[in-house]
Structure formats: C-alpha cells, structure tokens
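Peer 1: One structure coming up, written as structure tokens, with questions to follow.
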Amino acid sequence: RGILQAIANEEVGKGNNISIGFGRMDGGENVIIGNQSMQSASLIKLYVAGCIYELIQNGEMTSSNEIESLIGSMLKVSDNDACNTLVKKLGNGDAAAGMQKVNTFCSNHGLTDTSMGRLMLDFNSSQDNYTSVADCTAFLQSVYNGRLAGSDSILSYLKQQERTGKLPAGVPSGVATANKTGELDTVENDAAIIFADNGAYVVTVMMSGLSDTASARETIKDISSKIYDYTQKN
C-alpha cells in the first residue's frame, strides 16, 4: 500500500487523476488506492463480453461463430466496431437496450462503479462509459477463478492481447499476462492478470485528466514493475 500510495501521490501532484488496484488471486491481499468511477475507455469491453456469455449460458442469447469471432476481436485487438455490433445484438438491434443489458449485468454482479452510456467512438453522446479499479480487479479475479460465464474464453482472449505496452511491459518477458487496455485523448487505463511464478495476481491502473499520455504509460509500466518485484519478495 505504501509503495502504491507514494506513486499515486506523485501523480496527483502533477494534476493527474489516478486509481490503482492490486489483488492476489488467492484472496490473501487486496489493495485499492483512490478508487473512483472513471472514464473506462475500452475497459468497458470486458463487461460486454461477460454480459454476452452470461446471457448465452442462461439461454437468452444463442451462441454462434460470428459472436465468438466478434468477442475475440473486441478483446484481443480492442475492435470498436466489433463491440458496437455486439451491443446492438444484445438489444436485438437497439443499442440503448443492449447497453442496458450490460448495465444490468454489472449491477447483478455488484460492479456498482461501472456503467455503459454510449457506443464506442460515439463522442457526440452526452453519456460516457465508466468503471473503477475495484470493479476491474473484482471482474478479473472472478474470470481467473471461473466464477463468471465464459471465464475460460475471456481469459484465453486476454492472453492473446496485442496491446501489451503498459502493465505487461513492466514484468519480465517470460511472465505470461492477460490484459485489456483503454485509452482516450486524456485517459490511459490497463487491467491485467499477471501469472507470476509464486502466484497469479491482478493489477488495474486508471489515469485521467492527462496532458502527457506517454508519461502516464511509463507510470503504469513502473507500477507494474514495482508490484511484480514486491510479489516476488512477499
């Protein structure tokens, strides 16, 4: 907690908003710094995937090769069009109804900081998409532990993530990771499961109000490195 709080304090001093979440998969240690509902950017795609798999499991939606391919594109390469297509499918063609299903999924699972208010790239909307490090950390812990419908598929796609320049870049190259990034003009987010030798753990970092996104990405990488070093000694 002290390590992460010091980093957070430094970023706040620069005028940046930052939240950090860390949790061991065995539930032995959970640390949340500065939790708040923040712009999710593409982190919202995690919950879209979770919602779809749950509806398929409940028989409210039919699985297909097309849906599986869209989920893969949405998670592996953060395909915005794939996400929007899936949300519309959730609502039987009605994007607003699809977003409401995602919000109901989040509410039902206690992810109270998370909500979907617009489609991807719809920057003219008066609404936005939000989540928090606490919700992302809880979601990824549930995926890792197989507590959500589609956990195995979600985990497999996140392991194939092509955007690995933030949290995954802070751990040694031989360490497996599964992550989902999100970014906007003034936002840098990443949520990752790190499969360390002495136990897997999850890290989520959300930063907003940024004037220097490149510096923020380095901060996220540094947080990941410090957490990795800590977990190898404790």
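The values are calculated or read from the model by the stated rules, or taken from the named source; none is laboratory data. A quick note: this is a predicted structure, and the numbers were derived from the prediction, not measured. Because the Cβ atoms are built from the backbone with ideal geometry, glycine has one as well, and the counts that use them run over all protein chains shown. Note: areas computed on protein heavy atoms with side chains; ligands, DNA, RNA excluded. Shrake-Rupley method; radii C 1.70, N 1.55, O 1.52, S 1.80 Å.
Peer 1: Report, by residue number, each residue of the range 71-80 that is closer than 21 Å to GLN57 by Cα and open to solvent by 10 Å² or more (accessible area, probe 1.4 Å).
Peer 2: SER73
Peer 1: Mind counting the residues in the range 32-53 that are assigned to a helix (DSSP H, G or I) and either among the β-branched types (Val, Ile, Thr) or free of Cβ contacts under 8 Å to residues at least 12 places away in the same chain (or both)? Working first, answer last.
Peer 2: Residues of the range 32-53 assigned to a helix (DSSP H, G or I): 41-53.
In the following step, the residues that additionally are either among the β-branched types (Val, Ile, Thr) or free of Cβ contacts under 8 Å to residues at least 12 places away in the same chain (or both) were identified as 44, 48, 52.
The number of residues fulfilling the criteria is 3.
Peer 1: Can you confirm whether the range 58-67 contains a residue that is modelled with pLDDT of 95 or more and within 19 Å of the chain's Cα centre (by Cα)?
Peer 2: No, the range 58-67 contains no residue that is modelled with pLDDT of 95 or more and within 19 Å of the chain's Cα centre (by Cα).
Peer 1: For ALA134, are the conditions met, namely being in contact (Cβ under 8 Å) with a residue 24 or more places away in the chain, over 21 Å from GLY72 (Cβ atoms) and part of a helix (DSSP H, G or I)?
Peer 2: Judged against the criteria, ALA134 is a match.
Peer 1: Taking ALA97 as meeting all but one of (1) within 19 Å of the chain's Cα centre (by Cα); (2) modelled with pLDDT of 95 or more, write down the number of the exception.
Peer 2: (1)
Residue by residue, here is whether (1) touching a Ser or Thr at 6+ places or on another chain (Cβ under 9 Å); (2) over 24 Å from VAL187 (Cβ atoms); (3) surrounded by fewer than 18 Cβ atoms within 10 Å (Cβ to Cβ) holds:
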| site | (1), (2), (3) |
| --- | --- |
| VAL48 | no, no, no |
| SER69 | no, yes, yes |
| ALA82 | yes, no, no |
| ASP94 | no, yes, yes |
| SER115 | yes, no, no |
| ASN124 | no, no, yes |
| TYR130 | yes, no, no |
| ALA134 | yes, no, no |
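Peer 1: Still on this structure, please answer the following. Please count how many residues of the range 86-131 are of a type in the set (Lys, Arg) and outside any helix (DSSP H, G or I). Before the answer, list the steps.
Peer 2: Taking the range 86-131 as the starting set, the residues that turn out to be of a type in the set (Lys, Arg) are 88-89, 101, 118.
Subset that is outside any helix (DSSP H, G or I): 118.
Residues that pass the stated criteria total 1.
Peer 1: OK, next. Return the pair list, or none, for Cβ contacts closer than 6 Å from residues in the range 157-186 that are more than 18 Å from PHE139 (Cα to Cα) and open to solvent by 30 Å² or more (accessible area, probe 1.4 Å) to residues that are of a type in the set (A, V, I, L, M, F, W, C) and in a loop (DSSP other than H, G, I, E, B), at least 6 apart or on different chains.
Peer 2: From the range 157-186, the pairs are GLU162/VAL77; THR186/LEU210.
Peer 1: Within the range 187-221, count every residue that is assigned to a helix (DSSP H, G or I), hydroxyl-bearing (Ser, Thr, Tyr) and either under 22 Å from TYR130 (Cα atoms) or open to solvent by 60 Å² or more (accessible area, probe 1.4 Å) (or both).
Peer 2: Total meeting the criteria: 2.
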